[in-house]
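The structure appears below as C-alpha cells.
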Amino acid sequence: MEIFTKKELQFRQKEILQRIKDGAIFICATDTIYGLSCNALLEHSVAKIRQLKHRSDSPFSVWAPSLAWIEKNCEIKNNTASDWLKKLPGPYTLILPLKKNKGLSGCIAKNVCFGNTLGVRLPNHWVSKIVEELSIPLITTSANKSGKPFMTSLETLDPDIAVGVEFLIYEGPKEARPSQIVDLTTPAGTVKSR
C-alpha cells in the first residue's frame with residue numbers, strides 16, 4: 001500500500017485520478033474520519049470493499065462530486081431537504097430519494113442504493129476538489145470491518161483492510177466522529193446518531 005501526503009497527491013494527481021477511475025480501492029481523509037473509497041460506478045470495486053469490510057448487503061453512501069450532482073440525481077422534495085443541502089459541504093450523510101427514471105440504478109453499482117434512496121456526502125475537505133474533478137461518485141464508508149473501531153490514524157488501520165487497499169491519502173491523526181446521518185425521505189427528516 002502506497003501512502004501519499006496532500007503534496008504527493010498533487011504532484012501525481014493525473015496518475016492517481018486515473019487509478020481511481022479504473023477501480024482502485026483506497027483510503028482517504030474526510031472532514032470526519034478516514035474512509036474506504038472506490039469508484040461507485042464499478043461493480044467489482046464495490047464488491048471488493050464489501051469483502052474487506054465483511055459487509056455483504058447493507059447500502060453504502062457516496063461522496064458526491066458536487067451539489068449539482070446531488071440535485072440532478074436525488075429528489076429535493078421539501079424545505080427540510082433544501083435546508084440540509086444548504087449545510088453542505090459538511091459532516092453529514094443525507095439519505096435522499098433517487099429521482100425516478102433519472103436515478104442511478106442503471107449506472108451505480110448494485111447494492112449501493114437502498115431501495116430508491118441513496119446516502120450522499122459532500123465533506124468539507126480538500127479531497128472534495130479531487131472528487132469534483134473526477135466527476136463521478138465515490139463509495140465512502142469508514143475504513144474498518146463492520147462493527148469494529150473506525151480508523152483515525154495509521155496506528156488504528158486494520159491490517160486486514162490495509163492488505164486490500166492500493167493507496168492511502170494520509171494527513172495525520174483525525175479526532176472527529178463519523179458523519180451524522182440525516183434521513184430526508186420523510187417531510188420532517190430524521191437525524192440518526194451513530
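Contact list please: Cβ distance under 6 Å, first residue in the range 125-144 and on the phi < 0 side of the Ramachandran plot, second residue polar (S, T, N, Q) and surrounded by fewer than 20 Cβ atoms within 10 Å (Cβ to Cβ), pairs at least six apart or on different chains.
Short answer, once both residue conditions are applied: GLU132/SER66.
Can you name the residue in the range 24-67 that is among the aliphatic types (A, V, I, L, M) and under 17 Å from GLY147 (Cα atoms) and is also farthest from the chain's Cα centre (by Cα) among such residues?
Going residue by residue through the range 24-67, those that are among the aliphatic types (A, V, I, L, M) are 24-25, 27, 29, 33, 36, 40-42, 46-47, 49, 52, 62, 64, 67.
With under 17 Å from GLY147 (Cα atoms) added as a condition, the list becomes 33, 36, 49, 52.
Values: ILE33: 11, LEU36: 8, ILE49: 12, LEU52: 15 Å.
For the range 24-67, the residue satisfying everything is LEU52.
Looking at (1) modelled with pLDDT of 95 or more; (2) touching a Leu at 6+ places or on another chain (Cβ under 9 Å); (3) under 23 Å from LEU96 (Cβ atoms), which is the one condition that is false for LEU168?
Of (1) modelled with pLDDT of 95 or more; (2) touching a Leu at 6+ places or on another chain (Cβ under 9 Å); (3) under 23 Å from LEU96 (Cβ atoms), only one is false for LEU168: (3).
The values are calculated or read from the model by the stated rules, or taken from the named source; none is laboratory data. Predicted, not measured: the structure shown is a model, and the values here were computed from it. Glycine also receives a Cβ, built like all others from the backbone with ideal geometry; neighbour counts cover every protein chain displayed.
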